[in-house]
Amino acid sequence: MIQSYKQRPKLEDIYDAIIIGSGIGSLTVGAILAKEGLKVLILERHYTAGGFTHIFKRKGYEWDVGIHYIGGVQQENSPIRRLFDYVSDSELKWADMGEVYDRIIIGDRSYDFIKGVENFRNKLISYFPKEEKAIKEYIKLVFKANKVMGSFYKEKALPRFLRFLIGGFLKRPYLKYADQTTYQVLSKLTKNEKLIKVLSAQYGDYGLPPRQSSFAMHASVARHYFGGGNFPIGGSSRIAETIDTVITAASGTILTNANVKEVIVDNQRAKGVRMIDGKEFYANTIISGTGVFNTFEKLIPESTGLKMRLKKHLKRVNPSVSHACLYMGFKSSPEALQLPKTNFWIYPDDEDHDTCVERYLKNENAPFPVVYVSFPAAKDPDWPNRYPNRSTIDIITLVSYETVSKWQDTRWMKRGEEYEAWKEKISQRLMKELFKQLPNLEGQVDHYELSTPLSTKHFVNYKNGEIYGIDHTPDRFRQKFLQPRTPVKGLYLTGQDIVTAGVGGALFAGLVTAAAITGKSFKNKIFK
């Protein structure tokens, strides 16, 4: 049954723009187009909107499935804060996580990432006093890579003829950083492998270890958090709620339980969408925020895809990493449990990141290559108002889709005893990692459940349950088809596949897509 995100709306057959999927990229382009006077329809196949920004509730608890912290939004004039304010009419509020946003734990040693560039630099130098020159140069390179990122974004929004004429010129400075792996860049700065391991310890925020990831992607994440970490007040569901208000104010609608079967294409032009129940909606502008694999493999009619040879592009990219997340609930307040706001990144100390990942992918009983722990109940100042004397913790680790693929044809919540036994094994291992760091929590757990790549595939509809769309390798940034426009006239892409990973990347992808559709830069309207 199709229903509205908030209430049953009056549906129309024709809209100015139809957006498939309700992730942050879709919500952003929807809000921007709504403010330009377009009547927008957003179609979400599941019961809740928001993509990786949605929440779920169970047993008297609430968990954020994808947002664990956001950088840059505490600075009111920062681009990301300006864009969030624009699409939410400044109704989205943020809580600062404090001085230490990430704690890197390698074996028995820990390294704090401190808010503020100077503080970050000085703290790192205190850990590695002989590497002062390398640390300072690293920070300079992070800023240099980010400084030229704007032109890379701008090139994607240009009309085709301008991309042909000046696209190479605009992209070239950024590709200088994107063409190198994170390890290639860091190993030129220092031979200290421990420092390299610490500097690249946030690789879980974009999915690839340093010998595989593009340095441009790494630099984007590192710079993103230099100003500290933040959390949406009221939980990440506030993102979709506040943006929905902007869209509905312009007579637009977000529909949930609205499963799109395919894009209607007539004479190589997108005209509308056909729902799984046969209902059709029409618009001259169709936007897919479901990822390039879903769009080209499932949503575009097969005859159109074959004629335009769309699937050939997909051979050049790979789905990103998949994961498992343990959602834990406690019948005590964050204060009573002494929960920190700081995220924990926990690593083995015997090998580098890439070797640890390779070892684990070969043998799932090997040590986890990364364990990320987030304390959302402690981060959100509104949490006690909603859930007094309760707390939640999220623990994330790498799990390959191949590990769970034998259960892919089973139904959610009914995948069988073997699957549940496997989940319990992973859950206990993850809790053991948590209790090593916070032994006072042992024996306090009231509820826990594990999501797997199959859970992600079910709810977010990514091909292999991936979390970051497609891999952010150096070669990925060279793919010209990763842009808002598609070969099908009137059909556009948005979301983290067209620019970079994560909520910030998808947010700005929404802006890039809106610019491509309207021909406007939005620079003065949003950022001044």
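The values are calculated or read from the model by the stated rules, or taken from the named source; none is laboratory data. Since the model is a prediction, treat every value here as computed from it, not as a measurement. Please note: Cβ atoms are built from the backbone with ideal geometry, for glycine as well, and neighbour counts cover all protein chains shown. Just so you know, the surface numbers come from the protein's heavy atoms only, side chains and all, with ligands and any DNA or RNA stripped out. Shrake-Rupley method; radii C 1.70, N 1.55, O 1.52, S 1.80 Å.
Some points to look at:
- Residues VAL445 and ARG274, FRET efficiency given R0 of 45 Å [Cβ-Cβ distance, rounded to 0.05]: 0.45
- Largest first, the three principal axis extents of the alpha carbons in segment 404-527 are 57, 37, 27 Å in whole numbers.
- Listed residues ARG163, ARG82 arranged by accessible area, highest first, probe 1.4 Å: ARG82, ARG163
- Within the same chain, lysines fewer than 8 places from LYS379 are excluded, and of the rest, those with a Cα less than 16 Å from its Cα are LYS93, LYS115, LYS341.
- Share of Cα-Cα pairs in segment 294-384 lying beyond 18 Å, as whole percent: 66
- Per the Debye calculation on segment 248-352 with a single equal scatterer at every Cα and no solvent contribution, log₁₀ I(q)/I(0) for q = 0.22 Å⁻¹ amounts to -1.27.
- With the helix formula -39500 (n - 2.57) applied to DSSP H stretches of n ≥ 4, the chain reaches a computed 222 nm mean residue ellipticity of -11000 deg cm²/dmol.
- Per-residue SASA entry for LYS341, accessible area with 1.4 Å probe, Å² rounded to 10: 90
- Between LYS261 and LYS525, the contour length at 0.36 nm per residue exceeds the alpha carbon distance by 91.5 nm.
- Inter-centroid distance (Cα atoms) of segment 43-110 relative to segment 246-301, Å: 27
- DSSP-assigned coil residues among GluC sites (Glu not before Pro) in segment 435-515, each with at most 12 further Cβ atoms within 10 Å: GLU442
- Using the 1.4 Å probe convention, the accessible area of segment 260-308 works out to 46 Å² per residue with neighbouring protein chains retained.
- Kyte-Doolittle at least 0.0, axis length at least 20 Å by Cα - qualifying DSSP helices, the chain: 160-178, 502-518
- Share of carbon and sulfur in the accessible heavy-atom surface of the chain [1.4 Å probe, %]: 48
- Simple spin-label estimate for ARG172 and TYR127 in nanometres, 7 Å along Cα-Cβ: 3.8
- A 1.4 Å probe, protein heavy atoms only, puts the accessible area of LYS59 near 140 Å².
- Percent of Cα pairs exceeding the 15 Å cut-off, where the set is segment 231-296: 66
- For HIS313, solvent-accessible area (1.4 Å; no DNA, RNA or ligand), Å²: 30
- For the set LYS436, LYS115, LYS144, the ranking by accessible area, highest first and with no ligand, DNA or RNA atoms included, is LYS436, LYS144, LYS115 under a 1.4 Å probe.
- Measuring nothing but alpha carbons in segment 294-449 and taking Rh as the Kirkwood radius, the Rg to Rh ratio lands at 1.07.
- Largest accessible area first, the listed residues MET97, MET413, MET149 line up as MET413, MET149, MET97 when surface is computed with a 1.4 Å probe on the assembled protein chains.
- Approximating the spin labels as points 7 Å out from Cα along Cα→Cβ, the ASN119-to-LYS147 distance works out to 2.5 nm.
- A 1.4 Å probe run over segment 138-204, with the rest of the protein chains in place, finds 48 Å² accessible per residue.
- Pairs of Cα atoms in segment 443-490 fall into 10 Å distance bins, from 0 up to the last occupied one, in shares of 20, 27, 32, 12, 7, 2 percent.
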